[in-house]
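Undergrad: Please see the structure below; I have some questions.
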Amino acid sequence: MRFKAMTAIAALVAAPLAVMAGPDDDELVINGEINIVTKTAAPAHLDGALTEIYSGWRFRSDETQALEMDDFENPGMVAVDAAREVWDTVDGSEGKACASCHNAVEDSMVGVKAVYPKWNEGAGEVRTLEMQVNDCRTSRMGAEAWKYEGGEMTAMSALIAMQSRGLPVNVAIDGPVQTAWEQGKEMYYTRYGQLELSCANCHEDNWGNMIRADHLSQGQINGFPTYRLKNTKLNAVHDRFKGCIRDTRAETFKPGSPEFVALELYVASRGNGLSVEGPSVRN
Amino acid sequence: MKLTTLTLAAALIGGAAWAAETAPKDVVFAEGGAIEVSLTGVAGDPVEGANVLSKRSLGNCVACHQVSALADVPFHGEIGPALDGAGDRWSEAELRGLVANAKMTFEGTMMPAFYKVDGYIRPGDAFTGKAPEAPLSPLLTAQQIEDVVAFLATLKE
């Protein structure tokens, strides 16, 4: 009670100094034709923890936002163009390219990213898009697996995500994936590291607030892979998770680990209803 | 022989310093979360305390708290309450408890404990992302805690 009162007082004191408060009202249309849902009602499973969900795009400056509104301005597209070539390039012992089975990426991959991570019945596991790509490479193409969060994988993942831009994220949370989803949810609320911070501390309880110079978003991942101006490359979502947990002064998890697969499933599901936006641009 | 003498002398000096300082595990919290006794017995330096509040590599308190007295430090956060008037609202013992481990005052608070070395989930070796190879150090030293408390005590409305 005392704390709540203090927080209220703090808010009043802080207001005149705050540079930004909460998400903005800008609307995202890419290339003047792809309408992106960046704000919508929260999915039912959030049970009131959030009433509305916002893409991280809403929390960025006008300048950063603009970079994502035109593919010619989007610096992530350089890697996507490279991946487009790789799509058509034969690799591995079986003499196949991605295109050998999947034909044109613009046709075959529409809607794929929107439902990942998802259950793979044959393998009996939850798979991320990256895991599926590497399974294709090793078991169908006879090619080397790519590094999970490496540049080639992230570029390919961006090329595939891009085919679903504007479609709603619609990740299943029940049935065979439910155990992994529960695991991811538990991780989301676990206060890791010497700073004892959970995902929820910043992205559920404090989104919209400034933490030093950073404007906290809801930590939605509908925009991944994400081109970050900070490191001037496309970033895989597991790399971002790794950095976030590291920044709590914790022993982090590895990209591609079962823990991060579970966390990705859960965090993706928190964005069910937002549009797939990758490759997005953030700071 | 000479070496032994020196080592012995160092041990004695070291011992004396340690005796005056309360280790993180030995801190006694009063009901309500205050720490009545100074952690070092040495009066805190408010100027150094302001430095600890401001520096990213030290307390980085302004990452979450606004402090009007530190207006020259850029980018104050808005996660926790503003600290203006903290010296009116809290006694020195209460401030010491809040800085050392605010969870003893406000159960479940997001604020990290700055004078604690155990009870963590997957603690790392600072910001490396790796498991620690040695016992953890507290986020701030005992004297830095005292310095921060001394600075906060000066924040009167």
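The values are calculated or read from the model by the stated rules, or taken from the named source; none is laboratory data. Since the structure is predicted, the reported quantities are computational estimates derived from the model, not experimental observations. Virtual Cβ from ideal backbone geometry, glycine too; neighbours counted across all protein chains shown. When the accessible area is computed, the model is the full protein with side chains, heavy atoms only, and any ligands, DNA or RNA have been set aside. Shrake-Rupley method; radii C 1.70, N 1.55, O 1.52, S 1.80 Å.
Undergrad: Please verify whether A:GLU204 is within 12 Å of another protein chain (Cβ to nearest Cβ), more than 30 Å from B:ALA82 (Cα to Cα) and modelled with pLDDT of 95 or more, treating the condition exactly as stated.
TA: So A:GLU204 does not fit the description; no.
Undergrad: Here's something else I'd like to know. Kindly provide the set of residues from the stretch A:65-83 that are open to solvent by less than 10 Å² (accessible area, probe 1.4 Å) and either within 14 Å of A:ILE36 (Cα to Cα) or hydroxyl-bearing (Ser, Thr, Tyr) (or both), ordered by number. Quick ask: steps written out before the conclusion?
TA: Restricting attention to the stretch A:65-83, the residues satisfying the condition of being open to solvent by less than 10 Å² (accessible area, probe 1.4 Å) are A:65, A:68, A:74, A:76, A:80, A:83.
Within the stretch A:65-83, A:GLN65, A:GLU68 qualify.
Undergrad: Search the stretch A:242-263 for residues being within 11 Å of chain B (Cβ to nearest Cβ) and assigned to a helix (DSSP H, G or I), and hand back the single one that is farthest from the chain's Cα centre (by Cα). Give the steps one after another, and end with the answer.
TA: Of all residues in the stretch A:242-263, those within 11 Å of chain B (Cβ to nearest Cβ) come to A:242-254, A:259.
Restricting the remaining residues to those that are assigned to a helix (DSSP H, G or I) gives A:242-246, A:259.
Working: A:LYS242: 13, A:GLY243: 14, A:CYS244: 13, A:ILE245: 15, A:ARG246: 18, A:GLU259: 16 Å.
Top of the filtered list is A:ARG246.
Undergrad: Taking the conditions exactly as written (open to solvent by less than 10 Å² (accessible area, probe 1.4 Å) and away from chain B (no Cβ under 14 Å)), does A:ALA236 satisfy them or not? Outline the logic, then answer.
TA: Working: open to solvent by less than 10 Å² (accessible area, probe 1.4 Å): yes; away from chain B (no Cβ under 14 Å): yes.
So A:ALA236 passes the test.
Undergrad: Is one or more of the residues making up the stretch B:89-100 within 14 Å of the chain's Cα centre (by Cα), open to solvent by 70 Å² or more (accessible area, probe 1.4 Å) and free of Cβ contacts under 8 Å to residues at least 24 places away in the same chain? Full working, then the answer.
TA: Residues of the stretch B:89-100 that are within 14 Å of the chain's Cα centre (by Cα), as a first pass: B:92-100.
Among the residues that remain, those that are also open to solvent by 70 Å² or more (accessible area, probe 1.4 Å) are: B:92.
From what is left, the residues that are free of Cβ contacts under 8 Å to residues at least 24 places away in the same chain are none.
No, there is no match, as no residue in the stretch B:89-100 is within 14 Å of the chain's Cα centre (by Cα), open to solvent by 70 Å² or more (accessible area, probe 1.4 Å) and free of Cβ contacts under 8 Å to residues at least 24 places away in the same chain.
Undergrad: Let me ask something else. Inside the stretch A:264-281, can you point out the residues that are assigned to a loop (DSSP other than H, G, I, E, B) and either more than 10 Å from A:PRO225 (Cα to Cα) or not small (Gly, Ala, Ser) (or both)? Steps first, please.
TA: Here is the first cut: in the stretch A:264-281, the ones assigned to a loop (DSSP other than H, G, I, E, B) are A:271, A:273, A:277-279.
Correct list: A:GLY271, A:GLY273, A:GLU277, A:PRO279.
Undergrad: Would you call A:ALA161 under 20 Å from A:GLN220 (Cβ atoms), in a helix (DSSP H, G or I), in contact with a Lys or Arg (Cβ under 6 Å, 6 or more places away or on another chain) and away from every other protein chain (no Cβ under 14 Å)?
TA: Details: under 20 Å from A:GLN220 (Cβ atoms): yes; in a helix (DSSP H, G or I): yes; in contact with a Lys or Arg (Cβ under 6 Å, 6 or more places away or on another chain): yes; away from every other protein chain (no Cβ under 14 Å): yes.
Here the answer is yes, as A:ALA161 does meet what is asked.
Undergrad: Hey, any hits in the stretch B:19-29 for a residue that's among the hydrophobic types (A, V, I, L, M, F, W, C), assigned to a helix (DSSP H, G or I) and modelled with pLDDT under 95? Quick ask: steps written out before the conclusion?
TA: Applying the first criterion (among the hydrophobic types (A, V, I, L, M, F, W, C)) to the stretch B:19-29 yields B:19-20, B:23, B:27-29.
So of that shortlist, the ones also assigned to a helix (DSSP H, G or I) come out as B:19-20.
Among the residues that remain, those that are also modelled with pLDDT under 95 are: B:19-20.
Within the stretch B:19-29 (the criterion being among the hydrophobic types (A, V, I, L, M, F, W, C), assigned to a helix (DSSP H, G or I) and modelled with pLDDT under 95), the answer is yes, since at least one residue qualifies.
Undergrad: Right, another one. Can you run down the residue pairs with Cβ atoms below 8 Å, 6 or more apart or on separate chains, where the first is in the stretch A:216-245 and among the β-branched types (Val, Ile, Thr) and the partner is at pLDDT below 95?
TA: A:THR226/A:GLY278
Undergrad: Also, quick follow-up: Name the single residue that is most open to solvent (accessible area, probe 1.4 Å) among those in the stretch A:166-192 being charged (D, E, K, R) and either in contact with a Ser or Thr (Cβ under 7 Å, 6 or more places away or on another chain) or assigned to a loop (DSSP other than H, G, I, E, B) (or both). Can you show your working first?
TA: Narrowing the stretch A:166-192 to residues charged (D, E, K, R): A:174, A:182, A:185-186, A:191.
Filter once more, keeping what is either in contact with a Ser or Thr (Cβ under 7 Å, 6 or more places away or on another chain) or assigned to a loop (DSSP other than H, G, I, E, B) (or both): A:174, A:191.
Details: A:ASP174: 99, A:ARG191: 54 Å².
It comes out as A:ASP174.
Undergrad: Tally the residues that are away from chain A (no Cβ under 11 Å) and closer than 18 Å to A:ASN206 by Cα, restricting the search to the stretch B:54-78.
TA: Total meeting the criteria: 0.
Undergrad: Only one of (1) at the interface with chain B (Cβ under 10 Å from one of its Cβ atoms); (2) modelled with pLDDT of 95 or more; (3) open to solvent by 20 Å² or more (accessible area, probe 1.4 Å) fails for A:PHE224. Which number is that?
TA: With respect to (1) at the interface with chain B (Cβ under 10 Å from one of its Cβ atoms); (2) modelled with pLDDT of 95 or more; (3) open to solvent by 20 Å² or more (accessible area, probe 1.4 Å), A:PHE224 is out only on (1).
Undergrad: Among the numbered conditions (1) within 14 Å of another protein chain (Cβ to nearest Cβ); (2) in contact with an Asp or Glu (Cβ under 7 Å, 6 or more places away or on another chain), tell me where A:ARG191 comes up short.
TA: Here A:ARG191 clears every test but (2).
Undergrad: Mind checking which residues of the stretch B:66-106 are among the aromatic types (Phe, Trp, Tyr) and farther than 19 Å from A:ASN209 by Cα? Step through it out loud before you land on a result.
TA: Kept after step one, since they are among the aromatic types (Phe, Trp, Tyr), are these residues of the stretch B:66-106: B:75, B:90, B:106.
Selection gives B:TRP90, B:PHE106.
Undergrad: Within the stretch B:96-128, work out how many residues are more than 10 Å from chain A (Cβ to nearest Cβ) and among the hydroxyl-bearing types (Ser, Thr, Tyr).
TA: 1
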